[in-house]
1. So which pairs qualify, if the first residue must be in the range 184-200 and in contact (Cβ under 8 Å) with a residue 60 or more places away in the chain, the second must be surrounded by 15 or more Cβ atoms within 10 Å (Cβ to Cβ) and of a type in the set (S, T, N, Q), the Cβ gap must be under 7 Å, and the two must be at least 6 apart or on different chains?
2. Identify, please: which residue in the range 109-139 is over 24 Å from the mean Cα position of the chain (by Cα) and at pLDDT 85 or above and is, among those, nearest to Asn155 (Cα to Cα)?
3. Tyr237: open to solvent by less than 70 Å² (accessible area, probe 1.4 Å), more than 19 Å from the chain's Cα centre (by Cα) and in contact (Cβ under 8 Å) with a residue 60 or more places away in the chain, yes or no?
4. Taking only the range 66-102 into account, find how many residues are open to solvent by less than 20 Å² (accessible area, probe 1.4 Å), in contact with a Lys or Arg (Cβ under 6 Å, 6 or more places away or on another chain) and either not hydrophobic (A, V, I, L, M, F, W, C) or not in a helix (DSSP H, G or I) (or both).
5. For the range 154-166, how many residues are touching a residue at least 12 places away in the same chain (Cβ under 8 Å) and over 13 Å from Lys227 (Cα atoms)?
6. Search the range 131-145 for residues being open to solvent by 80 Å² or more (accessible area, probe 1.4 Å) and assigned to a helix (DSSP H, G or I), and hand back the single one that is farthest from Glu82 (Cα to Cα).
7. Which one is farthest from the chain's Cα centre (by Cα), of the residues in the range 167-202 that are among the small types (Gly, Ala, Ser) and farther than 21 Å from Leu230 by Cβ?
8. If you check Glu60, Glu93, Glu69, which single one turns out to be under 27 Å from Gln172 (Cβ atoms) and acidic (Asp, Glu)?
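The values are calculated or read from the model by the stated rules, or taken from the named source; none is laboratory data. Because the structure is a prediction, the values reported are computed rather than measured. Virtual Cβ from ideal backbone geometry, glycine too; neighbours counted across all protein chains shown. All accessible areas refer to the heavy atoms of the entire protein, side chains included, with ligands and DNA or RNA removed. Shrake-Rupley method; radii C 1.70, N 1.55, O 1.52, S 1.80 Å.
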Amino acid sequence: MHMNNESLIKNAKEDAKELCLFQFLHLIKLGFIFNHCMAFKVEMKESKYNLKAYIEEDQEGVYELVIDEDSAPLFKKQTFNELYIISGVSIFEKCCKDWFKWGLKYNPKRIKFFNKKIEIREIIESNDPNEIFIKKITDNINFQNVQISSEYFKNVFGLNIFESREEKYSMQKYIDHRHIISHNCGFADFNYVKKTGITEEHIGNVMALTDKDLEEFNNLIYNFITKIILNFPPIIYDKI
């Protein structure tokens, strides 16, 4: 039994090592985008901006997009800033999901926290019914909701993935921003205004991302991933 535990811990450490490698590589990728964003010599100073652009027709009847000279640098910067937020939120979500799966895999007793059922066909087709349970569990958790994510990690594994309420709120703020980028081209809508608490005058405007925003989000992502890597594995190893 002792040797079996040693083997499980060894396998758990190997899988954890792979997760760490994957996440560090994506942090480096994120760093490339961050450095590119910060290299622009213009700065978003307001929470919103309106792009000044128009369609111009030449003598041959060809239409061409013309962006105002003052707007062009801001437009380019906003484009990369939005790419940074999208990439960062994707890394956050995958980090949560992958570590949660890993925790359940090497401490399957915690599956009892969930009331999931699987069909006999699924059991027959799989060599590991626990793997099916784990997939069903994690697929149904909305890891883009930081309150839900933090509650699951706390209730199932006893880990606080956020150090404070302020940190949790800040992460959710950028996740909400990612939502309007992905689903509304960066324009604020009623749901965004309601979630963030900003005034309704922002509805219909592109929400600007300042250097301060990027620096805050950059710190949030790095601190979050570092905290999970340092604190989560020992919790699981201790229970094997």
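1. Ala188/Asn205
2. Out of the qualifying residues, it is Arg110.
3. Values: open to solvent by less than 70 Å² (accessible area, probe 1.4 Å): yes; more than 19 Å from the chain's Cα centre (by Cα): yes; in contact (Cβ under 8 Å) with a residue 60 or more places away in the chain: yes.
Answer is yes for this residue.
4. Total meeting the criteria: 1.
5. The first filter runs over the range 154-166 and keeps only residues touching a residue at least 12 places away in the same chain (Cβ under 8 Å), leaving 155-159, 161-163.
After this cut, where a residue has to be over 13 Å from Lys227 (Cα atoms) as well, the list is 155-158.
Total meeting the criteria: 4.
6. Of everything passing the filter in the range 131-145, Glu131 is farthest from Glu82 (Cα to Cα).
7. Gly197
8. Result: Glu93 is the single residue among Glu60, Glu93, Glu69 that is under 27 Å from Gln172 (Cβ atoms) and acidic (Asp, Glu).
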